[in-house]
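Notes follow once the structure below has been shown.
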Amino acid sequence: MKLKKIFNLNKKIKAEVLTYFKTRKKSKYLTKFSKEIIDNLELNGSVIIKDFIVEKNHQKNKKNYKKFMELFGKILSQNKKREKIVEIKDLGKKWSANTRGYKTNDFLDLHTDGGSLASLFCIKDAAYGGESTCVNAKTIYDLINDQSLKKKLFEGFRYHRRGEASNYSKITKKKYPIFFYNKKILHCTYNRKPIEEALKFQKKYSEINYLDKFDEYIFKKKNNISQFKLKPGDIWIVNNFKVLHGRKKFINSKKKQKRLLLRAWIKPTKFKFSGKTYLEALNDI
Ligand SMILES: [Fe+2]
């Protein structure tokens, strides 16, 4: 089992994809291709599709990427602006409860996103840093021998809603488990910062210890964490219930291009994994 399976978009698939963009009809070949990707996401947890078309026209990239991602399922809105394709770039802001991580150049902890699948399309990579990181949730789970921590992880936490709340509530009413079983399959949903912000909001400072302990397990064995740099044209798709992902801090060079990624959150029609994700937590569903 590989944490990331690589798929190269060969000429044949590219031609099929371009026809699909025009006709919106999925050929048998593309149906088989998308099924293979989904199967791998269930089995391995993440795939990298290499050599997707990068155009100079930014809007065209967004359109093509959205259409391509529709091969794998329904594209979900990620914020209150109802954006389905979000740009990941440094807007010069620092992470805060109300500034979502994708608008900064900060290091991002290992976490899961919204949707069953999160996908990142690299248009331009950073001059320095910005490496992606990932770890298998089950690998972390198997390391945990602290029963009180395990109990708390299954019980879950409330989330800070990051300014995505349409009503007055700054934090969720519901708790979201970090680990849960669905159809006997272990699932994970974890995003430390909004959980920590919600604990601070509730003045439950001592519970932050649970997050520290859990993070210790995440970072316990360096070998468990895979690190790599996405290149322009790479599309990385992650099964959010199985793999936690993160990012190293990056620096854009003034002379060179600035790091730009596009992100989509997807719900496949048929998928072995299902449950509440970070998106449900933002919306308190
Ligand atoms: Fe993420």
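The numbers here are math on the coordinates, done by the rules we state, and not lab data. Only a predicted model underlies this, so the values are computations on that prediction, with no experimental measurement involved. Note that we place each Cβ from the backbone using ideal geometry, even for glycine, and neighbour counts take in every protein chain shown.
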**Report entry** Cβ-based charge dipole, the chain, positive-most Cα from 187, 148, 8
**Finding:** 8
Query raised in the report: So for the range 138-217, what percent of the C-alpha to C-alpha distances run longer than 22 Å?
Result: 26
Requested in this report: For residue 74, list long-range residues whose amide hydrogen, built 1.01 Å from N in the peptide plane, is under 5 Å from its own amide hydrogen.
Outcome: 267, 269
Report summary line: Simple SL model, points at 7 angstrom along Cα→Cβ for residue 66 and residue 6; separation in nm is 3.2
Report task. Treating only the Cβ atoms of Lys and Arg (+1) and Asp and Glu (-1) as charged, compute the dipole magnitude of the range 138-217 about its Cα centre; round to the nearest 20 debye. Result -> 440
Report summary line: Of the residues 86, 111, 29, the Cα lying farthest along the dipole of the chain towards its positive end, which is defined by charges on the beta carbon of Lys, Arg, Asp and Glu, belongs to 29
Query - Eligible lysines near residue 221 by straight Cα distance, threshold 19 Å, same-chain separation 8 or greater - result: 2, 4, 138, 150, 213, 242, 248
Report task. Only Lys, Arg, Asp and Glu count, each charged at its Cβ (+1, +1, -1, -1), so figure out the dipole size of the chain about its Cα centre, rounded to 20 debye. Result -> 1000
Report summary line: Ordered by fewest other Cβ atoms within 10 Å, a rough proxy for footprinting exposure, 52, 121, 21 read 21, 52, 121
Query raised in the report: Using the 10 angstrom Cβ neighbour count as an exposure proxy, how do 245, 160 rank, fewest first?
Result: 245, 160
Query - Vicinal HN-Hα couplings computed from phi for the range 265-280 (Karplus, 6.51 cos²θ - 1.76 cosθ + 1.60; Hz; Gly/Pro x) - result: 10, 10, 10, x, 5, 10, 7, 5, 9, 7, x, 7, 10, 4, 5, 5
Query - Signed unit charges on C-beta, dipole axis of the range 219-285, positive-most listed residue 244, 226, 282 - result: 226
Query - Dipole in debye (nearest 20) - the range 163-285, about Cα centre, beta carbon charges: Lys, Arg +1; Asp, Glu -1 - result: 580
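In what sequence do 125, 284 fall when counting other Cβ within 10 Å, fewest first?
284, 125
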Query raised in the report: Which aspartates and glutamates have a Cα less than 15 Å from the Cα of residue 200, not counting those fewer than 8 places away in the same chain?
Result: 212
**Report entry** Within-14-Å neighbourhood charge of residue 245 [Cβ basis; K, R +1; D, E -1]
**Finding:** +3
Query raised in the report: Which of rounded, prolate, oblate describes the range 1-126, given a ≥ b ≥ c as roots of the alpha-carbon gyration tensor eigenvalues and a/c under 1.5 marking rounded, otherwise prolate only if a/b is larger than b/c?
Result: prolate
Requested in this report: List every residue whose amide H lies under 5 Å from the amide H of residue 240, counting only residues 5 or more places away in sequence or on a different chain, with H placed 1.01 Å from N in the peptide plane.
Outcome: 117, 118
Query raised in the report: Helix 28-43: angle to the longest alpha-carbon principal axis of the chain, degrees 0 to 90, nearest 10?
Result: 20
**Report entry** Long-range HN-HN contacts of residue 5 with modeled amide H, under 5 Å
**Finding:** 46, 47, 48
Query raised in the report: If R0 is 30 Å, what FRET efficiency do you get for residue 39 and residue 141 from their C-beta distance, rounded to 0.05?
Result: 0.85
Requested in this report: Run through every distinct alpha carbon pair of the chain and return the Kirkwood hydrodynamic radius in angstroms, one decimal place.
Outcome: 19.5
**Report entry** Computed lengthening from residue 249 to residue 81, 0.36 nm per intervening residue step minus Cα-Cα distance
**Finding:** 57.9 nm
Report task. Using the structure shown, list the pairs from 22/62; 56/103; 35/183 with a Cα-Cα distance above 24 Å, or answer none. Result -> none
